[in-house]
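The values are calculated or read from the model by the stated rules, or taken from the named source; none is laboratory data. Everything numeric here is computed off the predicted structure, so don't read it as measured data. Counting neighbours? That spans all protein chains shown, and the Cβs are built from the backbone with ideal geometry, glycine included.
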Amino acid sequence: MFGDLSCQAWTDLEHSRKKTWTNAFLAPLSLTHQGLKKSAPDRYNDDPNAAEPAIASIDKFCLSNPKLGPAEGAVSYLDALIGN
């Protein structure tokens, strides 16, 4: 599922697979950021529903950028989440 997933492949995934991919990709990145910055909240991992807005954001990213991959959309989402 990880590999070199394209936005084309992303759009074909079932929601449950998108959720698994999103959590497996973003949860460790968010934990790493939280640990490096020593910030109090982990805005991704502390929210049990965090995958839903992330998936919507990645969906939108992939529709606008079909030649890129969902990883770029996920990182963009996490950057915005952490930056707020």
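Tabulated data for the structure shown
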read-out	value
Matching option when the condition is more than 20 Å from ASP12 (Cβ to Cβ) and out of contact with any strand residue (DSSP E or B) (no Cβ under 6 Å at 6 or more places or on another chain), among ASP59, ASP47	ASP47
Filter result (touching a Cys at 6+ places or on another chain (Cβ under 9 Å) and assigned to a helix (DSSP H, G or I)) within segment 65-84	PRO70, GLU72, GLY73
Per-region count, segment 36-65, residues at pLDDT below 95 and exposed (fewer than 12 other Cβ atoms within 10 Å of the Cβ)	9
Segment 6-35 residues that are of a type in the set (Lys, Arg), paired with ones that are modelled with pLDDT under 85 (beta carbon under 7 Å, 6 or more apart)	ARG17/MET1
